[in-house]
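One structure below.
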Amino acid sequence: MSKRRRMTDRYRRLSFLSDIEGMKNAIGEMRGMFFPRQPVLNQDAHLHDQRPLPDEEWFIRTIKDKIARHPENGMEYPFFDEPIFDEPLVGFVRGNDPIFDQFKEVIGSHHYTPWEIMRWQAINNGVEPPEPEDLSVVSFVMPITRNTKEDSAAAADWPVERWAQTRLLGEIFSQTVVREIVTALMERGILAISPDVTPMFNKKRYPGVGWASPWSHRHIAYAAGLGTFGMQDFLITEKGCAHRLGSFVVNLKLEPNRQRPDDIHAYCLHYQGITCLKCAKRCPVNAITEKNAHNKETCYQKVADSLKYCNRHYHIFIYGCGLCATGVPCESEIPKPLR
Ligand code: SF4
Ligand code: SF4
């Protein structure tokens, strides 16, 4: 269970000082700090564990079960015990897929390949790093609930309270889900790692790239065939673009279960020549334009400003926006003409 104290009947006081888990989460995202220790590989597990290795079905079932039943998939006051996320989508991509080398060019050399991140985990555990072809990445999409999307779609300037809670509690929950799975695998003697909770993870301005992280769940989800990018840079999946994403690397050969479109904008109406740009109209700071698509710097400024707003109004320490992900044709599905 997270150490975050669940607020059931009132707001926390002096949240700038008292929302410790929120602050830790924000600093963790930027600096790769405050994460729980990585689980240790049980190198003797094969001596007594005769169970078959986890396969694709095991991962799909386990992630779906956790999102359906985990006590941390729940909001705080005043929405106590409403779920944060609906049923997820799960996809796989092999560790030696050439797309990871392309990411080095498209995203930047700072973006890790599955092998680079697993090498760190292997060395930490005193074992030989597995070959890239023996690795897979598990990627999942956690759709945001109808209540949250409806609230957000009705807002024009700032994130609504359910969205802010989803942003913070949903991220903590996502990390918990992955940590539990990675720990279970490591106890069974299977190397596994969640790249975004290691000290190597830090979000920052990279030269020539702007704000970015060294492990992009969005790009990993695209690689796993779970969706394609929209004008606002969110991933449009069969459950839309209002979601949170997670991913982790495992030392198992898992078969990809989805076809990845070559066109990285296959599910965006505007990119496919159909009139839309509803996301641009939703943006309160004009960060999305037909000419320049998504301006990350303008967007970042708005998102950063939202920290004060969320703190004052919702008593939690989080930043976010996402207005362009709701009230748009790609909010909850692939737009009809493109299915
Ligand atoms: S709102 Fe329209 S233009 Fe914007 S990402 Fe969605 S489909 Fe594309
Ligand atoms: S997330 Fe960024 S692009 Fe989208 S509405 Fe907010 S400021 Fe605009």
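Scan ILE99, ILE107, ILE67, ILE63 and give me the residue that is in contact (Cβ under 8 Å) with a residue 60 or more places away in the chain, closer than 29 Å to PRO261 by Cβ and touching a His at 6+ places or on another chain (Cβ under 7 Å). Lay out the reasoning, then the answer.
Numbers: ILE99 fails: touching a His at 6+ places or on another chain (Cβ under 7 Å); ILE67 fails: touching a His at 6+ places or on another chain (Cβ under 7 Å); ILE63 fails: touching a His at 6+ places or on another chain (Cβ under 7 Å).
Only one candidate passes the filter, namely ILE107.
If I ask for residues that are part of a helix (DSSP H, G or I) and hydrophobic (A, V, I, L, M, F, W, C), which ones from segment 122-157 would you list?
The first filter runs over segment 122-157 and keeps only residues part of a helix (DSSP H, G or I), leaving 122-124, 132-134, 146-153.
Matches in segment 122-157: ALA122, ILE123, ALA153.
Of the residues ALA287, ALA325, ALA280, which is over 30 Å from TYR11 (Cα atoms), within 8 Å of ligand 2 (Cβ to nearest atom) and of a type in the set (Gly, Ala, Ser)? Show your work before the answer.
On the way: ALA325 fails: over 30 Å from TYR11 (Cα atoms); ALA280 fails: within 8 Å of ligand 2 (Cβ to nearest atom).
ALA287 is the lone residue from the list that is over 30 Å from TYR11 (Cα atoms), within 8 Å of ligand 2 (Cβ to nearest atom) and of a type in the set (Gly, Ala, Ser).
Please specify each residue of segment 184-199 satisfying the condition of being over 17 Å from the mean Cα position of the chain (by Cα) and closer than 13 Å to PRO114 by Cα.
Looking only at segment 184-199, we keep the residues that are over 17 Å from the mean Cα position of the chain (by Cα), and these are 184-192, 199.
Matches in segment 184-199: LEU191, ALA192.
Where residues in segment 303-315 are buried (at least 16 other Cβ atoms within 10 Å of the Cβ) and within 20 Å of the chain's Cα centre (by Cα), which of them is nearest to ligand 1 (Cβ to nearest atom)?
VAL303
Looking at ALA242, ALA212, ALA293, can you tell me which residue is over 28 Å from PRO132 (Cα atoms), in contact with a Lys or Arg (Cβ under 9 Å, 6 or more places away or on another chain) and within 16 Å of ligand 2 (Cβ to nearest atom)? Don't jump to the end; show me each part of the working.
On the way: ALA212 fails: over 28 Å from PRO132 (Cα atoms); ALA293 fails: in contact with a Lys or Arg (Cβ under 9 Å, 6 or more places away or on another chain).
Selected residue: ALA242, the only one of ALA242, ALA212, ALA293 that is over 28 Å from PRO132 (Cα atoms), in contact with a Lys or Arg (Cβ under 9 Å, 6 or more places away or on another chain) and within 16 Å of ligand 2 (Cβ to nearest atom).
It is to be established whether one or more residues within segment 254-266 are in contact (Cβ under 8 Å) with a residue 60 or more places away in the chain, closer than 25 Å to GLU171 by Cβ and surrounded by 14 or more Cβ atoms within 10 Å (Cβ to Cβ).
yes
What strands (runs of 3 or more DSSP E) completely inside segment 158-251 contain at least 1 residues that are free of Cβ contacts under 8 Å to residues at least 24 places away in the same chain? Show your work before the answer.
On the way: elements: 204-206, 210-212, 227-229, 235-237, 243-250.
It comes to 204-206.
So which residues in segment 282-338 are of a type in the set (D, E, K, R) and in a helix (DSSP H, G or I)? Give the derivation first.
First, pick out the residues of segment 282-338 that are of a type in the set (D, E, K, R): 282, 290-291, 296-297, 302, 305, 308, 312, 331, 333, 336.
If the condition is that a residue be of a type in the set (D, E, K, R) and in a helix (DSSP H, G or I), then ARG282, LYS296, GLU297, LYS302, ASP305, LYS308, ARG312, LYS336 are the ones that fit.
Give segment 269-296 a look and list any residue that's in contact with a strand residue (DSSP E or B) (Cβ under 6 Å, 6 or more places away or on another chain) and within 12 Å of ligand 1 (Cβ to nearest atom), or say none.
Within segment 269-296, the subset in contact with a strand residue (DSSP E or B) (Cβ under 6 Å, 6 or more places away or on another chain) is 279-280, 288, 294, 296.
Of everything in segment 269-296, those that are in contact with a strand residue (DSSP E or B) (Cβ under 6 Å, 6 or more places away or on another chain) and within 12 Å of ligand 1 (Cβ to nearest atom) turn out to be CYS279, ALA280, ILE288, HIS294.
Confirm whether ASP262 is over 20 Å from TRP211 (Cα atoms), more than 15 Å from ligand 1 (Cβ to nearest atom) and of a type in the set (Asp, Glu).
Numbers: over 20 Å from TRP211 (Cα atoms): yes; more than 15 Å from ligand 1 (Cβ to nearest atom): yes; of a type in the set (Asp, Glu): yes.
Criteria met by ASP262.
If you check ILE334, ILE274, ILE236, which single one turns out to be of a type in the set (Val, Ile, Thr), over 16 Å from VAL160 (Cβ atoms), more than 16 Å from ligand 2 (Cβ to nearest atom) and within 20 Å of the chain's Cα centre (by Cα)? Quick ask: steps written out before the conclusion?
On the way: ILE274 fails: within 20 Å of the chain's Cα centre (by Cα); ILE236 fails: more than 16 Å from ligand 2 (Cβ to nearest atom).
After applying the criteria, what remains is ILE334.
Would it be correct to say that LEU254 is assigned to a helix (DSSP H, G or I), of a type in the set (A, V, I, L, M, F, W, C) and more than 12 Å from ligand 2 (Cβ to nearest atom)? Full working, then the answer.
Details: assigned to a helix (DSSP H, G or I): no; of a type in the set (A, V, I, L, M, F, W, C): yes; more than 12 Å from ligand 2 (Cβ to nearest atom): yes.
Against the criterion (assigned to a helix (DSSP H, G or I), of a type in the set (A, V, I, L, M, F, W, C) and more than 12 Å from ligand 2 (Cβ to nearest atom)), LEU254 does not qualify.
Read-outs: derived from the displayed coordinates by stated rules, not from any lab. These numbers were taken from a predicted model, which means no experiment stands behind them. As a convention, Cβ positions derive from the backbone with ideal geometry for all residues, glycine included, and neighbour counts pool all protein chains shown.
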